[in-house]
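The values are calculated or read from the model by the stated rules, or taken from the named source; none is laboratory data. As the structure is a prediction and not an experimental result, all values here were calculated from the model. Neighbour counts run over all protein chains shown; Cβ positions are idealised from the backbone, glycine included. Quick note on the areas: whole protein, heavy atoms, side chains included, nothing else; ligands and nucleic acids left out. Shrake-Rupley method; radii C 1.70, N 1.55, O 1.52, S 1.80 Å.
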Amino acid sequence: DEMMAINQNLFNAYMTQDIACINNILTNRHNWPYLFPSKSVYKKILTTRDATWARQMPTIMRDKSTFFFVGVYHLAGKPGVLNLLRKQGFTIEPVQ
């Protein structure tokens, strides 16, 4: 039940483009046992993967118009793809 509630909250935040809410859900330590089996899994799945993608995306985007589908877990927070792209000078705008 707890995992279903967390996922519903993530879905609602995603649909309303509420990145701050997504970040709050993902960084709430109470939620971690339901989201990530360990801190090392969190780091591998989110932090490391997002950093890798954020390094690769500019090269991919340079040559052609590109659509990236990014899961909700990868959007928010300092280690998230959106923040990492902003740090590289990209302007991030939500799609309407």
(request) Please work out the C-alpha center-to-center distance from the stretch 67-96 to the stretch 1-56 and express it in whole Å. (result) 14
(message) Let me check against my output: what whole-number percent is the relative contact order of the chain, with C-alpha pairs under 8 Å and at least 6 apart?
(response) 26
(request) Report the trypsin sites (Lys or Arg not before Pro) located in the stretch 1-68 that are in a DSSP loop and have at most 14 other Cβ atoms inside 10 Å of their Cβ, or state none. (result) Arg29, Lys64
(message) Given points 7 Å out from each Cα along the Cα-Cβ axis, report the Arg55 to Phe67 separation in nanometres with one decimal.
(response) 2.8
(message) Test of the criteria: in the stretch 1-93, which chymotrypsin sites (Phe, Trp or Tyr not before Pro) are in a DSSP loop and have at most 10 other Cβ atoms within 10 angstrom of their Cβ?
(response) Phe67, Phe69
(request) Quick one: pull the percent of accessible area on the chain belonging to carbon and sulfur, 1.4 Å probe, ligands and nucleic acids left out. (result) 57
(message) Given R₀ = 22 Å, what would the calculated FRET efficiency be for Thr27 paired with Asn7, taking r from the Cβ atoms and rounding to 0.05?
(response) 0.85
(message) Along the Cα→Cβ direction, 7 angstrom out, place labels at Thr47 and Val95. What is the inter-label distance in nm?
(response) 3.0
(request) Give the angle, between 0 and 90 degrees and rounded to the nearest 10, that separates the Cα long axis of helix 2-15 from the longest principal axis of the Cα atoms of the chain. (result) 30
